[in-house]
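J.: Dumping the structure here so I can ask a few things about it.
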Amino acid sequence: MENKLKNILVIIISYLYVFLFVYAAISKILDFETFIVQLGQSPLLSAYAKWIGILVPTIEIVISILLLVPRIRYIGLFLAFGLMMMFSTYIIIILNYSDFIPCACGGVLSEMDWNEHLIFNFTFVAIGGIGIILDTDLKFSIKKQFVQLMSVSLLSAFSVTGLYLLSENEMHRNNSFVRRYPHHPVDDLKGIPLKYNSYYIAGFDRGKIILGNSTAPLHLLEIDTTLKSIKEVKITISDNKDFQFSSIQLKIKSPNFYLVDGSVPIIYKGVTSNWNAKILTTKSSNFSLLEPITPIDFIIRGSHSKSGEHILGQLSTSKNYKIIETNNVLEKRIDGIFDTDGLLLYNEQLNKIIYTYYYRNQFIITDYHLNKTKTIKTIDTVSQSNLEFAYTKENTEKKLAKQPNTINIYAATSGKYIFIKSDRLGKYESEIIAKQASIIDVYDIEKGTYEFSFYFYHYNNEEIKTFKIYNNLLIGLTNKHLIVTKLKPKYFKIK
């Protein structure tokens, strides 16, 4: 009678496992693409998502068949116990050692959070162990069964841990193009409409967002970060000269502001308390990009006087005025002009200069003196976009014959991070989501590693074009809106 009761309990436990595994396997197979995407976003399994996506439901079905055949049920019980231990180890690593927690799996189980899921898994681990001990077909002592259970537990835990370490190596060193997506690292997206699409983010001053206007360069907007207070401001120029400006840009380094035009050798400077500008220098060389570093020092991107190739340089407007050109920072691969085109950034917290290439999977980090410290590859696998050139009839001006693939569309930096916008889909990513959101990849500047990515969903069907980071806020512009969202401190350590 006792053996009969044990057999009934073992059958019940086996059928519970069969129901769980068959349901889980069918759910994965019916929505296989979503399952692969979820694995691709996992911080543990992303590098091996495809073959794991095939292997897991296959194993679940095979174990279910073993559990339904009495003669080999004990094998099925051990395998079921081991598989649930693997699932449990996976969740433990996710909760305690991963940089972020991804979205939960699909089906009914998606209604559980990760802690509830861990309890659910351990419950099945426990009943699996009980089933093995109660199985009267096993001719082993309790002590030997306990040793076997411990051995299977350790083997399962080490297998998942090893897979995690291999995946970490693949993600950080082998440059497989697989993104990681944590669970909502940004929130509280809000925005306000703008009258014109000519605004750009000039910078920040005392908790205010400063928007410059490319068509009316002396008119700007001061907007608080809650987007409730908007003030129109006009810049005045004390010592105005008859310069032939072509494209004046406003740069903010609080409490100072600068008016610059790279085609005209002049820089205006003023303070944001009165928005009155005076000439800082008329000795500036031509430049295409400029970033203020100190009140009187700048980093510029200009052109070599003979070759026309892009170079970076230091511009100091102190009494001992000087321009130091450094032509060995940007790496020429094709022509030194289009192939080195990109974005110039200054990270104030780390006092680093960052240059992000448009058409290759790299960004450069230098110190203030433009001593190149490191070149970091992005997760994109295209090392250089194909550039085709066309020339004017006089053969005096070179242009791009067609628009090449832009690897890094836009970038911003703050704290130890650089945020790079990309529209290139990685493995396991849906084309549908790319039409609904922009992809922002996050890199750790200090470690030189890719951290994770997040979707920045379109606001009023408008994608974010440019953005900057201010404290814990990501502030961006679409065609017609200024938008603000919070960076969750759980994922971003920005002081």
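J.: List every residue whose amide H lies under 5 Å from the amide H of residue 271, counting only residues 5 or more places away in sequence or on a different chain, with H placed 1.01 Å from N in the peptide plane.
T.: 257, 276
J.: Pairing the Cα long axis of helix 2-30 with the longest principal axis of the chain, what angle in degrees results, from 0 to 90 and rounded to the nearest 10?
T.: 30
J.: Counting only helical runs of four or more DSSP H residues, what would the 222 nm mean residue ellipticity of the chain come to if each run contributes -39,500 (n - 2.57) and the total is spread over all its residues?
T.: Counting only the DSSP helices, I get -9500 deg cm²/dmol.
J.: With a 1.4 Å probe and all protein chains in place, put 85, 150 in order of accessible area, largest first.
T.: Largest accessible area first, the residues go 150, 85.
J.: Sticking with this structure for a sec: From zero outward in steps of 5 Å, how is the percent of C-alpha pairs of segment 331-391 spread across the bins?
T.: 4, 17, 26, 23, 15, 9, 4, 1, 0
J.: On alpha carbon coordinates alone, what is the Rg over Rh value for segment 264-386, Rh being the Kirkwood radius?
T.: 1.00
J.: To continue, here is another question. Given a cut-off of under 8 Å on Cα pairs at least six residues apart, what relative contact order in percent is computed for segment 193-290?
T.: With pairs under 8 Å counted, the relative contact order is 19 percent.
J.: Cα convex hull of segment 346-495: mean projected area in nm², to one decimal?
T.: Averaged projected area of segment 346-495's Cα convex hull equals 11.3 nm².
J.: Could you work out how far apart the two model spin labels at residue 331 and residue 305 are, taking each label as a point 7 Å from the Cα in the direction of the beta carbon, and quote it in nm?
T.: About 2.9 nm separates the two model spin labels.
J.: Okay, next question. Pulled fully out, how much extra length does the chain show between residue 444 and residue 246, if you take 0.36 nm times their separation in residues and subtract their Cα-Cα distance?
T.: Extending this stretch completely gives an extra 67.6 nm.
J.: How large is the accessible surface per residue of the chain, computed with a 1.4 Å probe and reported in Å² as a whole number?
T.: 49
J.: If you don't mind, there's one more thing I want to ask. For the Cα atoms of the chain, what angle does the longest principal axis make with the long axis of helix 73-96, in degrees from 0 to 90, nearest 10?
T.: Its long axis makes an angle of about 30 degrees.
J.: Hey, any idea what % of the chain's accessible area is carbon plus sulfur with a 1.4 Å probe?
T.: Its accessible area is 56 percent carbon and sulfur atoms.
J.: Now for a different question. Give, rounded to the nearest 20 debye, the magnitude of the charge dipole that the chain has about its Cα centre when Lys and Arg contribute +1 at Cβ and Asp and Glu contribute -1 at Cβ.
T.: With only Lys, Arg, Asp and Glu charged at Cβ, the dipole is about 680 debye.
J.: Please give the length that would be gained between residue 113 and residue 349 if that part of the chain were fully extended, namely 0.36 nm times their separation in residues minus their C-alpha to C-alpha distance (nm, one decimal).
T.: 81.3 nm is the gain from fully extending residue 113 to residue 349.
J.: How large is Rg over Rh for the chain, taking Rg from the Cα atoms and Rh as the Kirkwood inverse mean of 1/r across Cα pairs?
T.: With Rh from the inverse mean 1/r over Cα pairs, Rg/Rh is 1.12.
J.: Below 8 Å between Cα atoms, with a sequence gap of 6+, how large is the relative contact order for the chain in percent?
T.: Value for the chain: 11 percent.
The values are calculated or read from the model by the stated rules, or taken from the named source; none is laboratory data. Predicted, not measured: the structure shown is a model, and the values here were computed from it. Note: ideal-geometry Cβ built from the backbone for every residue, glycine included; neighbour counts use all protein chains shown. Areas reflect the complete protein model, heavy atoms only, side chains present, ligands, DNA and RNA absent. Shrake-Rupley method; radii C 1.70, N 1.55, O 1.52, S 1.80 Å.
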